[in-house]
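Comments concern the structure below.
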Amino acid sequence: MENKYIHMGQLVRPHGILGEIVLDWYAISPFSSKLPFFIQERHKSTVSAVDIVGARLHQGRYLLRLAEICDRTAAETLRGAKLLTLRTALPPLDSDEAYICDLLGSEVKLTTGQVIGHFSHVVHGTGNPTWAIHTTTGCEILFPAMPQFLVDLNVEDHTITIAPPDGLLELYLQP
């Protein structure tokens with residue numbers, strides 16, 4: 001199941017009393033209700049299809065209306081659920097692109113070959129793409145995942161090569 005779906009966003013919380021749900025949209029591309037969507041509720045391994053009947057932007061986030069969710073109580077049951085789509089429904093990736101879910105757990109190293117740690121998760125809500133890297137010494141580095149700092153994303157080898165901005169590693173790795 002893990003390879004079949006791509007995690008596109010997170011249902012955060014209800015909005016209002018008519019069943020709208022706030023969505024944190026993780027994809028770089030704009031939201032499109034034309035994709036087939038599925039929901040995976042928190043702490044469950046099952047995935048179920050969902051029909052999105054409306055979506056609108058509100059204060060920088062999407063508000064979704066889902067079929068059969070017509071009040072705040074029903075929307076509350078989906079708090080924290082993942083919004084997924086089929087990998088096959090998305091356009092092909094360019095050679096220098098990768099899905100975040102395919103990179104999670106990858107070994108992170110510098111251009112010198114020195115291993116820094118492993119890519120743990122994405123930090124959302126920072127405005128810029130930020131990755132959490134758990135170091136070999138047990139620290140967590142918040143890394144700006146901007147193209148100028150990403151040298152290579154190798155899904156097959158499960159490695160990421162970075163060239164961090166000056167001073168970033170020293171900030172985190174000093175005793």
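Here, each number is a calculation from the coordinates, and none is a lab measurement. Everything numeric here is computed off the predicted structure, so don't read it as measured data. Positions of Cβ are generated from backbone atoms using ideal geometry, with glycine treated the same way; all protein chains shown enter the neighbour counts.
Of note:
- Residue-wise HN-Hα coupling along the stretch 5-10, computed from phi with Karplus coefficients 6.51, -1.76, 1.60 (Hz; x: Gly, Pro): 10, 10, 6, 9, x, 10
- Gyration tensor verdict on the stretch 5-89 (Cα atoms; rounded if a/c is under 1.5, prolate if a/b is larger than b/c, oblate otherwise): oblate
- 5 angstrom amide H check on Asp152, placed H, neighbours 5+ away: Thr161
- Here the calculated FRET efficiency for Leu90 and Glu41, from their Cβ-Cβ distance with R0 = 35 Å, stands at 0.95, rounded to the nearest 0.05.
- The Cβ shell under 15 Å around Val53 holds other residues with a net charge of -1, Lys and Arg each +1, Asp and Glu each -1.
- Selection from Ser32, Asn3, Ile162 lying farthest towards where the dipole of the chain points positive, charges on Cβ: Ser32
- For the stretch 110-175, a Kirkwood hydrodynamic radius built from all Cα pairs, placed in the Stokes-Einstein relation at 4 °C and 1.567 mPa s, yields a translational diffusion coefficient of 105 µm²/s.
- HN-Hα J in Hz across the stretch 87-102 - Karplus 6.51, -1.76, 1.60, θ = phi - 60°, x for Gly and Pro: 3, 6, 7, 8, x, x, 7, 6, 5, 9, 10, 7, 7, 3, 4, 7
- Using C-alpha pairs below 8 Å separated by at least 6 residues, the relative contact order for the stretch 100-173 is 28 percent.
- Length gained when the stretch Leu171-Phe149 is fully extended (0.36 nm per residue, less Cα-Cα span): 6.3 nm
- Dipole moment magnitude, nearest 20 debye, the chain about Cα centre, only Lys, Arg, Asp, Glu C-beta charged: 760
- GluC sites (Glu not before Pro) restricted to DSSP loop in the stretch 82-174 with at most 13 other C-beta within 10 Å: Glu97, Glu156
- Filter on Lys4/Lys44; Lys34/Lys82; Lys4/Lys109 - keep pairs with C-alpha separation over 25 Å: Lys4/Lys109
- Size of charge dipole - the stretch 100-173 - debye, nearest 20, with Cβ of Lys, Arg +1 and Asp, Glu -1, no other charges: 140
- Fluctuation leader among Ser48, Ser32, Ser95 - the chain, Gaussian network, Cα springs under 10 angstrom: Ser95
- Prolate/oblate/rounded call for the chain, Cα gyration tensor, a/c under 1.5 rounded: prolate
- Sorted by Cβ neighbour density within 10 Å, fewest at the top, the residues Phe143, Phe31: Phe31, Phe143
- Our coupling estimate for the stretch 136-141, obtained by passing each phi through the Karplus curve with A = 6.51, B = -1.76, C = 1.60 and θ = phi - 60°, is 5, 9, x, 7, 10, 9 Hz, Gly and Pro reported as x.
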